[in-house]
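Have a look at the structure below, then the notes.
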Amino acid sequence: AGKTTLVNALLGFVEPEAGSLCLDGHDLRTLRKASLRRQFAVVSQDIVLFDASIEENVAYALPPDPARIA
């Protein structure tokens, strides 16, 4: 159905072969890729858990915050 292709295009990993892809009226080719990618959160279908507690897995890559983990 093209879900992966659409996400890859929105994140700037591939460009349309014809036409343009716009977000809020802005052609994605005119936006900085780093700025664009910060606006998305991608949840992979592949589940990866680290050999750690559930709390440490949930808080991975961010400073510990008990309120966020609860």
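The values are calculated or read from the model by the stated rules, or taken from the named source; none is laboratory data. Fair warning: this is a prediction, and the values are worked out from it, not measured in the lab. Glycine gets a Cβ as well: all are built from the backbone with ideal geometry, and neighbour counts include every protein chain shown. Protein only, heavy atoms only, side chains kept; ligands, DNA and RNA dropped before computing areas. Shrake-Rupley method; radii C 1.70, N 1.55, O 1.52, S 1.80 Å.
General observations
- Being of a type in the set (V, I, T), within 17 Å of the chain's Cα centre (by Cα) and open to solvent by 90 Å² or more (accessible area, probe 1.4 Å) is true of V48.
- Condition met for L23 (open to solvent by less than 90 Å² (accessible area, probe 1.4 Å) and in contact with a Phe, Trp or Tyr (Cβ under 7 Å, 6 or more places away or on another chain)): no
- Any hit, the stretch 56-69, residues being among the β-branched types (V, I, T) and at pLDDT below 90: yes
- Of all residues in the stretch 9-20, those that are over 12 Å from the mean Cα position of the chain (by Cα) and either under 18 Å from R37 (Cα atoms) or open to solvent by less than 80 Å² (accessible area, probe 1.4 Å) (or both) total 5.
- In the set (1) open to solvent by 100 Å² or more (accessible area, probe 1.4 Å); (2) modelled with pLDDT of 80 or more, the condition left unmet by L36 is number (1).
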